[in-house]
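Visitor: Got a structure for you, questions after.
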Amino acid sequence: MNTGIGGTFQCGYNTSIINAPTKAVQSFINQTWTERYNTEISSQVLTLLWSTIVSIFTLGGLVGASVGGTLAIRFGRKGTLLFNNTFALLAAFFMGLSYPSSTFELLIVGRFLTGVNAGIAICVQPMYIGEIAPRALRGAMAMGTSIFITGGILTGQVIGLNELLGKEEYWPILLSTVCIPAIMQLLTLPWFPESPRYLLIDRGDDVACKKALMWFHGPDKYHGEKEDIERERVSAGGIKPKKPWELFTDTSLRWQLLTLVVIHMSQQLNGINAIYFYADYVFTQAGIPAAKIPYATVGTGACECITALTCGLLIESLGRRALIIGGYFLMSVCCVCFTIALTFQESSPWVPYLSMMCVFAFILSFGLGPGGVTNILTTELFTQTSRPAAYMIGGSINWIAFFFIGMIFPFIVNGLKQYCFLVFLVVCCLVATYIFFVVPETKNKTFLEIQSEFQSRKKLIAANGTEGPLLSTPI
C-alpha cells in the first residue's frame, strides 16, 4: 500500500482532479490577465492557457517515464520512489502559491511536475512490486498498480465534489492536495527493504538481498525465491542493465518488445477515453440533471476501481491471457452495442439507458482486462537486465499515445460521430488476436521460464521458417 499511495495513486488522482476546478481556474486566469494588462483575455488565449495546464501533465509524464528506468538502476526501486515524492511536493507548493501570488504560470509548472511524478511512479512502482512478490502471488500483488490508479481517479472525483473541495474558492487547496500522498509515502516506505533482485543482480550485495528476502518472505520460506534470483543472476552473466535503444537491437527480445509496444499503445487507443468523453452526454440523455452528473461520473470511477479489485482476485486463478483477451473481446462487443445505441439514441425512451449500460460495461471490461494486466505483463516478459529499459519504452509509448489521442480525438468525434467506436472495435479485435497467437501464459512462472518460452518460439521459427502461434499454455 505504501508504494501505491505515493506511486500510481498520484497518476490517477492528478488525471481526474483537474476536472473539478475548470471554471474557477479559468476565472482566476482571466482576473490575473485583466490586472496585469488592463484588458480581458480573449477566449482563444484563455482556451490555450487552460489546455496547456491540462495537457502539460502528459508531457511531464513522458519525461518521467523516459528517466524512470535510469533512476531505478542508479538509486534502486525504493530509492527512486522516495526521491520521486520531491516532484509532488514541489508541484503542490507551486500550485498552492499560484493564487496568492497571482501567477497562473505556476499552475503550468506544477502540473508538469505532477506529470513527471506520475511518469516515474507508473514506471518504477510495478517494477518494485513485481520483483518483491512471490511467484504464486505476483499477478495479484502487481494488480496494486491498477487498483491505485483507479483508486486515485475515484478519490479525485470524490474530493472534487462541491460538498468537499469542489467549490470555487477551494481550488488552490484542491490542487495542493497532491502533497498528502507524497508525505504518506515518505513516512512509511523507508521502513521497507529494497528489491532483493536489484540488490543481488544489479548491486551484487548477497547479504542485503538475503535480509530483504527474509523480511518479505520470512526466515523459513525465502530459500526458493533466493534460488530463482540466483539462477537469473547466473543467466545474466554479469551483463549490465540494458539501455532502451539496446532492446531494439536485441533480436532475442524481438517478440517481447513488439508485445510491449502493442499492449501499451492499445491501452490508450482502445476507446476508454472516448467512453469517458461520451459519458456526460449519455447521462444527460438518460434524464440525469446536470447538477447530478458529477455523481454519476463518480459511479464510473467506482465501477473501474471495483473491477480492478475483482481482477486482482481472479488473475491467479484465470491467468493473464484469459483476462486480457476476454477484456478486449467484451470491449469489442460494447463498441458495437454502443454505436447502435448512440445511432438510435432518440428513437425510443429506453435507448439512453442501453447507452448507460454500455458505458459501464465497457469500463468493467477495460478494468477486468487491459487496465489490469498490461503492467503485469511488462514486468513478466523481461528479465532483470532489460526490465528498466522495457518500462521506459512502455511508459513513453503510453504517454505519447495518451497525448496523441487527446489531440486527435476531438477531430475523430467531429468527423465520425458515434461511428468512432468502430475504429476502436478494430483496435480491440486486432490486439486480442495478437495476444491470442503470440503471448504465452505467464502465471506462476519464473522470469527465466517466460524468457525460455519466447526463445523456444524463435528456434521453432528458425527451424520451420514459419511463424506459428505461441500457445504453450491454453486459455
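Visitor: In the range 1-10, what residues are at pLDDT 85 or above and open to solvent by 10 Å² or more (accessible area, probe 1.4 Å)? Break it down stepwise before answering.
Guide: So the first thing to find is which residues in the range 1-10 are at pLDDT 85 or above, and the list is 8-10.
Answer for the range 1-10, where residues must be at pLDDT 85 or above and open to solvent by 10 Å² or more (accessible area, probe 1.4 Å): just Phe9.
Visitor: OK, next. Are there any pairs, at least 6 apart or on different chains, whose C-beta atoms fall under 6 Å, with the first in the range 433-446 and assigned to a helix (DSSP H, G or I) and the second of a type outside the set (A, V, I, L, M), and if so, which?
Guide: Qualifying pairs under 6 Å: Phe437/Pro469.
Visitor: Would you point out which residue out of Gly301, Gly326 is modelled with pLDDT of 90 or more and in a helix (DSSP H, G or I)?
Guide: Only one candidate qualifies: Gly326.
Visitor: What helices (runs of 4 or more DSSP H) completely inside the range 211-298 contain at least 2 residues that are among the basic types (Lys, Arg) and open to solvent by 20 Å² or more (accessible area, probe 1.4 Å)?
Guide: 223-236
Visitor: So, of the residues in the range 318-341 that are of a type outside the set (Gly, Ala, Ser) and open to solvent by 20 Å² or more (accessible area, probe 1.4 Å), which turns out to be nearest to the chain's Cα centre (by Cα)?
Guide: So the residue we want is Ile325.
Visitor: Would you please list the contacts, defined by Cβ atoms under 6 Å and residues six or more apart or on different chains, that run from a residue in the range 133-154 that is within 19 Å of Glu380 (Cβ to Cβ) and open to solvent by less than 30 Å² (accessible area, probe 1.4 Å) to a residue that is of a type in the set (Gly, Ala, Ser) and modelled with pLDDT of 80 or more?
Guide: Matching pairs, first to second residue: Ala142/Gly130; Met143/Gly312; Met143/Gly372; Ser146/Ala308; Ser146/Gly371; Ser146/Gly372.
Visitor: Also, quick follow-up: From (1) open to solvent by less than 60 Å² (accessible area, probe 1.4 Å); (2) within 21 Å of Met95 (Cβ to Cβ), pick out the condition that doesn't hold for Thr47.
Guide: Just one mismatch for Thr47, condition (1).
Visitor: Quick one: which of Phe411, Phe421 is at pLDDT below 90, over 26 Å from Phe148 (Cα atoms) and touching a Phe, Trp or Tyr at 6+ places or on another chain (Cβ under 6 Å)? Don't jump to the end; show me each part of the working.
Guide: Details: Phe411 fails: touching a Phe, Trp or Tyr at 6+ places or on another chain (Cβ under 6 Å).
It is Phe421.
Visitor: Considering only the range 364-419, state which residues are polar (S, T, N, Q), in a loop (DSSP other than H, G, I, E, B) and open to solvent by less than 10 Å² (accessible area, probe 1.4 Å).
Guide: Once the filter is applied, which keeps residues that are polar (S, T, N, Q), in a loop (DSSP other than H, G, I, E, B) and open to solvent by less than 10 Å² (accessible area, probe 1.4 Å), the range 364-419 yields Gln384, Ser386.
Visitor: Filter the range 201-210 for residues that are assigned to a loop (DSSP other than H, G, I, E, B) and open to solvent by less than 90 Å² (accessible area, probe 1.4 Å) and give the result.
Guide: Across the range 201-210, the qualifying residues are Gly204, Asp205.
Visitor: Right, something else. Hey, could you check the range 342-363 for residues that are of a type in the set (S, T, N, Q) and surrounded by 15 or more Cβ atoms within 10 Å (Cβ to Cβ) and say which is modelled with the highest pLDDT?
Guide: In this case the residue turns out to be Ser355.
Visitor: Here's another thing I want to ask about it. Tell me, which helices (runs of 4 or more DSSP H) lie completely within the range 1-109 with 2 or more residues that are of a type in the set (Gly, Ala, Ser)?
Guide: 8-16, 22-37, 43-75, 77-98
Visitor: Quick check on this structure: which one of Thr70, Thr58, Thr52 is open to solvent by 50 Å² or more (accessible area, probe 1.4 Å) and in contact (Cβ under 8 Å) with a residue 24 or more places away in the chain?
Guide: The conditions single out Thr70.
Visitor: Something else about it: Output yes when any residue across the range 96-106 is crowded, with 16+ Cβ neighbours inside 10 Å, modelled with pLDDT of 90 or more and β-branched (Val, Ile, Thr), and no when none is.
Guide: no
Visitor: Can you name the residue in the range 29-39 that is in contact with a Leu (Cβ under 9 Å, 6 or more places away or on another chain) and open to solvent by 10 Å² or more (accessible area, probe 1.4 Å) and is also farthest from Leu154 (Cα to Cα) among such residues? Steps first, answer last, please.
Guide: Taking the range 29-39 first, the residues in contact with a Leu (Cβ under 9 Å, 6 or more places away or on another chain) are 29-30, 33.
Of the ones still in play, those that are also open to solvent by 10 Å² or more (accessible area, probe 1.4 Å) are 30, 33.
Values: Asn30: 30, Trp33: 33 Å.
That would be Trp33.
Visitor: Turning to a different aspect of this structure: Phe112 passes all but one of (1) open to solvent by 10 Å² or more (accessible area, probe 1.4 Å); (2) over 18 Å from the mean Cα position of the chain (by Cα); (3) of a type in the set (A, V, I, L, M, F, W, C); which number fails?
Guide: (2)
Visitor: Anything in the range 299-317 that is among the hydrophobic types (A, V, I, L, M, F, W, C) and open to solvent by 10 Å² or more (accessible area, probe 1.4 Å)? List them, or say none.
Guide: Ala302, Cys303, Cys305, Ile306, Leu309, Leu313, Leu314
Visitor: Within the range 18-26, is there a residue that is under 27 Å from the mean Cα position of the chain (by Cα), under 30 Å from Gln384 (Cα atoms) and surrounded by 23 or more Cβ atoms within 10 Å (Cβ to Cβ)?
Guide: Within the range 18-26 (the criterion being under 27 Å from the mean Cα position of the chain (by Cα), under 30 Å from Gln384 (Cα atoms) and surrounded by 23 or more Cβ atoms within 10 Å (Cβ to Cβ)), the answer is no, since none of the residues qualifies.
The values are calculated or read from the model by the stated rules, or taken from the named source; none is laboratory data. It should be emphasised that the depicted structure is a prediction, and the values quoted were computed from it without experimental measurement. As a convention, Cβ positions derive from the backbone with ideal geometry for all residues, glycine included, and neighbour counts pool all protein chains shown. The protein model used for the area step is the full one, side chains on, heavy atoms only, and it has no ligands, DNA or RNA in it. Shrake-Rupley method; radii C 1.70, N 1.55, O 1.52, S 1.80 Å.
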